[in-house]
Amino acid sequence: MSSSDQGPQEPDSPSDALAAIVDAPFETALSERYLVYALSTITARSLPDLRDGLKPVHRRLLWAMRQLRLSPDSAYKKSARVVGEVLGKYHPHGDTAVYDAMVRLAQPFALRYPLVEGQGNFGNIDGDNAAAARYTEARLTKTAISLMAGLDEGTVDFVPTYNNEEEEPVIFPGLFPNLLANGASGIAVGMATNIPSHNVDEVIAATLAVIDNNAIEHAELMELMQGPDLATGGLIVDSAETISTAYETGRGSFRIRAKFHAAEAASAEDREAGIERLGGGQWQLIISEIPYQVPKGKLIEQIAQVIADKKVPILEDVRDESDEQIRIVLVPRSRNVDPDLLKESLYRLTDLETRFGLNMNVLDSTRTPMVMGLKELLQHWIASQIDILQRRSRHRLAKIADRLELLEGYIIAFLNLDRVIEIIRTEDEPKPVMMEEFKLTDRQAEAILNMRLRSLRKLEEMALRQEKDELLKEQDELQKLLDSPARQRTRLKRDLTAMRKEYGKDTELGARRTLIAEAAPTVEFSMDAMIEKEPITVILSAKGWIRAAKGHVDLTQEWKFKEGDELAFVFHAQTTDKLLLATDDGRFFTLGADKLPGARGFGEPVRTMLDIDNAAQLVAAWPHKPGERLLLASTLGKGFVIKSDELLAETRKGRAVMTLKGDAKLAKLAHIAEGHDHVAVLGDNRKLVVFNLEEMPEMQRGQGVQLQRYRDGGMADVTTFRLEEGLSWQMGGSGERTRTEMEMWQWKVARGGAGRMPPQGFPRDNRF
């Protein structure tokens, strides 16, 4: 046995093995291999081909089903059989992935025009999974057959499968515009695609317009193709301009809403609004269609959770009364609820409104990924169909030429039948003799010799010549078609028009499902309006435990706290209020008053509700009042004025407002009452300074300006007051007496002064 017959040879020595190793920088080797992987993911897995709108796994599934002869008029076969065929011959991947792809092709709520007809449990719109492949059966739909039409007519190339045992088509040549009709989605390496489904009637109308005028304006196309037509219906509520821009660039997004429709309502207005009257002024809302790719079961759970969390207190209950048709019932808390307000609140809080991101990233005829606008995509698809038409015509011309060659031979044989029989009977090698005598080709002579005797009686000259004439006529027409781009476009238009009749909007399958209508201006309302307004008393302890007692109770009463804890802040508020909390590190936090625990126990730690630093201490807590102004001051005697609206935080982490350097802390927060025009600052050194409030800057964040200067210590307290009313402070003692000093001219200086001792009788704790 020669060495070449023995397969790969082992290296003779370790040195030979080492010589076969090529040194390369790690970065270069890694990038090359990653690039190969990325390209394979893009072209062979994730992105659809614009010519048939399919990814390889879907194409192989349909091809395998065609090979199994699972036509629409044939019997169903087990899905496991199909999956096994795909895995064994065409797509060596996991069986779960292949079956999931097959299930999606069969789901009428996932695909606008299903390509697989399933029998058994193929999942449902509730979000339940399909049964195992061994329990379900499938066959192709008429749409799939239309997509694969022409595979036997030389229209596309065939390539070897992964093991070189079979062949599979590169694309499907059918005229069905699958990419736009059914859409596609996929995530590749560094890119993705997300194309919604569309109405075939509209797609063909736009295609015909491009065939007629290749320079057509995009606006004209959008008049013919309104936008997505999704399998589950619903409403697209973006403006026509927004939709048009998305299709022009190939990127954008659409808002999809559920459709409210009450089929049994008495008035047309109620039917369109989805309001079902129950008598006695009572009513309920009916949802008949839900957004695409939203499982109905998950949606109902979401709405129920919103009710449980009291995020929409005007909604009392949700019921699922669906059968084959979706019917979700929303019960308002009272008959006085505004239906539009209820809808708008649910749009914000649930998946009754979703957003679909458009990204028309596809593979062109050269397998190059690119993002295309609508017009460009249609132009590429038309070009591919023209190419398929040309290939089909050339293939037919070759078949006609072969048949004409044989017909010429048959006619010669018929005209010289006796001589042909004589040659066959007398000659040992009749073929060369016949070729020489009658100038026949090898194929013609072979065909005559292989002819059965019974056929001779059918060899009528007229029949042969008629068939020849018909073929010559067809040949001439095909040649004219190939020679004329105008004829090719006309032929494509004719074929598309014929298909359009099958998927017209007057048919059950072709009727538009998704309504496109710009939504009315959003009803502006605060979610706080959903909260029932009730008076509460907020209690916050020194260790950060917070609770709320019902009603406005006496603020001076005794409150119980955990051992070692005591009262820090107590104030009246409403459940609709936003509470502001300030910490000494200069951060401000926002807490909804409706979310506070009751006052039966000790409450809950505020740090479980907000991300407050463990080292930070609470220095202030109060209910937010829109438009209120406050003065913030640090221990270094620096500060500024800020509007309370600027203190509201959107997240648990709060908002950093005061910038503090070194050991400085936020020491004091003073509420600036209406009419206050002066600031009074007291230092730890017991020096008082008064200056005009106008000297204080209004800022959104920062460390502020110097209020008072100190040699030692820092600021003790700060307040604002009206100069003509004088400066007041609590005298202390059981009587809680208040003293007011009217003559403040002695302490009034420019901002930043050192100050002088306060009036006689001022509290020893240096607090106003």
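Bear in mind these aren't lab numbers, they're just calculated from the coordinates by the rules spelled out. Please read all numbers here as calculations on a predicted model, not as lab measurements. A quick note on method: Cβ atoms are made from the backbone with ideal geometry, for glycine too, and the neighbour counts reach across all protein chains shown.
General observations
- The calculated FRET efficiency for the pair S71 and E301, based on their C-beta separation and a Förster distance of 60 Å, comes to about 0.90.
- Surrounding net charge for P177, when Lys and Arg each add one and Asp and Glu each subtract one, Cβ distance under 11 Å: -1
- Distance from the range 86-116 to the range 310-339 (C-alpha centre basis), Å: 36 Å
- In terms of its C-alpha gyration tensor, the range 46-98 has an oblate overall shape, because the principal axis ratio a/c (a ≥ b ≥ c, square roots of the eigenvalues) is not below 1.5 and a/b does not outweigh b/c.
- Those trypsin sites (Lys or Arg not before Pro) in the range 379-442 that DSSP places in a loop and that have at most 14 other beta carbons within 10 Å: K439
- Using C-alpha pairs under 8 Å with a sequence gap of at least 6, the mean separation divided by the residue count of the range 81-127 gives a relative contact order of 24 percent.
- Inter-site label distance for Q325 and A131 at 7 Å from Cα along Cβ, in nm: 2.8 nm
- Shape category assigned to the range 259-351 from the gyration tensor of Cα positions, a/c cut at 1.5: oblate
- Excluding same-chain neighbours fewer than eight residues apart, the lysines reachable from K399 by a Cα-Cα span under 27 Å are K431, K439, K458, K468, K473, K480, K493.
- The range 142-251: GluC sites (Glu not before Pro) in DSSP loop, at most 14 other beta carbons within 10 Å: E165, E217
- Where Rh is the Kirkwood radius over Cα pairs, Rg/Rh for the range 387-450: 1.17
- Temperature 20 °C, viscosity 1.002 mPa s: under these conditions the Stokes-Einstein estimate for the range 532-741, based on its Kirkwood radius over C-alpha pairs, is 117 µm² per second.
- Pairs exceeding 32 Å between alpha-carbon atoms, taken from K595/K638; K259/K311; K89/K501: K595/K638; K89/K501.
- Projecting label points 7 angstrom from Cα along Cα→Cβ for E502 and K653 puts them 5.6 nm apart.
- Shape analysis of the range 658-768 yields a ratio of the Cα radius of gyration to the Kirkwood radius, Rg/Rh, of 0.95.
- The range 413-435 residues near the modelled Q475 label - backbone nitrogen below 17 Å, point 7 Å along Cα→Cβ: 413
- Qualifying GluC sites (Glu not before Pro) for the range 696-768 [loop in DSSP, other Cβ within 10 Å: at most 11]: E736, E743
- Pairs with C-alpha atoms separated by more than 24 Å, drawn from the list K665/K687; K625/K748; K296/K505, are K625/K748; K296/K505.
- FRET efficiency, R737 to A542 (Cβ-Cβ, R0 22 Å, nearest 0.05): 0.25
- At q = 0.10, 0.12, 0.15, 0.23 Å⁻¹, base-10 log of I(q)/I(0) for the range 499-628 (Debye sum, equal scatterers on each alpha carbon): -0.45, -0.54, -0.75, -1.42
- Kyte-Doolittle mean at least 0.0 and Cα axial length at least 24 Å: DSSP H helices in the chain: 374-415
- Hydrodynamic radius of the chain by the Kirkwood approach over all distinct alpha-carbon pairs: 34.6 Å.
- Distance between the modelled labels on S728 and R335, one decimal in nanometres: 5.2 nm (7 Å Cα→Cβ projection).
- Three principal axis lengths of the range 31-195 [C-alpha, angstrom, descending]: 47, 40, 30
- Per residue of the chain, the DSSP helices (runs of n ≥ 4 H) give a summed -39500 (n - 2.57) that works out to -10000 deg cm²/dmol at 222 nm.
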